1. Kindly indicate whether any position in the stretch 113-120 is more than 14 Å from the chain's Cα centre (by Cα), modelled with pLDDT under 95 and more than 14 Å from A51 (Cβ to Cβ).
2. Might you check whether a residue that is free of Cβ contacts under 8 Å to residues at least 40 places away in the same chain, part of a loop (DSSP other than H, G, I, E, B) and on the phi > 0 side of the Ramachandran plot occurs anywhere in the stretch 50-60?
3. Consider the stretch 29-49. How many of its residues are acidic (D, E), surrounded by fewer than 24 Cβ atoms within 10 Å (Cβ to Cβ) and assigned to a helix (DSSP H, G or I)?
4. Hey, L87 hits all of (1) modelled with pLDDT of 95 or more; (2) under 13 Å from the mean Cα position of the chain (by Cα) but one; which does it fall short on?
5. For V82, are the conditions met, namely being closer than 13 Å to G63 by Cβ and β-branched (V, I, T)?
6. Enumerate the pairs (first residue in the stretch 80-102 and touching a residue at least 12 places away in the same chain (Cβ under 8 Å); second residue anywhere and crowded, with 17+ Cβ neighbours inside 10 Å and assigned to a loop (DSSP other than H, G, I, E, B)) with beta-carbon separation below 9 Å, excluding pairs fewer than 6 apart on the same chain, so at least 6 apart or on different chains.
7. If the requirement is being surrounded by fewer than 24 Cβ atoms within 10 Å (Cβ to Cβ) and in contact with an Asp or Glu (Cβ under 8 Å, 6 or more places away or on another chain), which of these qualifies: R80, R86, R71, R60?
8. Can you tell me which residues in the stretch 106-119 are in a helix (DSSP H, G or I), without any contact (Cβ under 8 Å) to a residue 40 or more places away in the chain and loosely packed, with under 13 Cβ neighbours inside 10 Å?
Amino acid sequence: MALHQLGEVAHREDDAAEAVRLVGAALALRRDVGDREDLAISLEALAGLVAADDGGLAARLFGADETLRARHRLPQPAGRDVAVARLKSTVDDRVLATAWAAGQSAPLDSVVDEALDRVAAYRS
């Protein structure tokens, strides 16, 4: 999806706010059309983008991504381990485990809705 790719470009150009906005928009569209594999890709990408500012949200997104991938037998993306390691280096282990488990067990739509609410606040 073009929005997601534009978000990746914005990230490479160090425009964090635009990257979050674009990947968030892609996440919303992918959820609305039911594209599970690309939804997982956007969950993981958004988690990586917000990790430095909101480790709890990033952990919930990674947890939701992990559950979605397991449920639909989707492959793990290359580079995921690096993003998760980076998150683990910035968030307390207990906080990380709690948020990750919350993302795994929460309804996917509620995790996506929370992420979209945070994306809107990120831009403000």
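1. So in the stretch 113-120, the residues more than 14 Å from the chain's Cα centre (by Cα) come out as 120.
So of that shortlist, the ones also modelled with pLDDT under 95 come out as 120.
Keeping just the survivors that are more than 14 Å from A51 (Cβ to Cβ) gives 120.
Scanning the stretch 113-120, I find at least one residue that is more than 14 Å from the chain's Cα centre (by Cα), modelled with pLDDT under 95 and more than 14 Å from A51 (Cβ to Cβ), so the answer is yes.
2. No, because not a single residue in the stretch 50-60 is free of Cβ contacts under 8 Å to residues at least 40 places away in the same chain, part of a loop (DSSP other than H, G, I, E, B) and on the phi > 0 side of the Ramachandran plot.
3. Taking the stretch 29-49 first, the residues acidic (D, E) are 32, 35, 37-38, 44.
Checking which are surrounded by fewer than 24 Cβ atoms within 10 Å (Cβ to Cβ) leaves us with 32, 35, 37-38.
Those left that are additionally assigned to a helix (DSSP H, G or I): 32, 37-38.
Total satisfying the criteria: 3.
4. (1)
5. Details: closer than 13 Å to G63 by Cβ: no; β-branched (V, I, T): yes.
Answer is no for this residue.
6. Within 9 Å, the pairs are A83/A51; R86/A51; L87/A51; T90/A51; V91/A51; A99/V91.
7. Working: R86 fails: in contact with an Asp or Glu (Cβ under 8 Å, 6 or more places away or on another chain); R71 fails: in contact with an Asp or Glu (Cβ under 8 Å, 6 or more places away or on another chain); R60 fails: surrounded by fewer than 24 Cβ atoms within 10 Å (Cβ to Cβ).
When all the criteria are applied, what remains is R80.
8. Pass one, the stretch 106-119, residues in a helix (DSSP H, G or I): 108-119.
Then drop every residue that is not without any contact (Cβ under 8 Å) to a residue 40 or more places away in the chain, which leaves 110, 113, 117.
Listed by number, the list holds a single entry, D117.
The values are calculated or read from the model by the stated rules, or taken from the named source; none is laboratory data. Computed from a prediction, not measured in an experiment: that's the story for all the values here. Every residue, glycine as well, gets a Cβ built from its backbone with ideal geometry; the counts of neighbours run over all protein chains shown.
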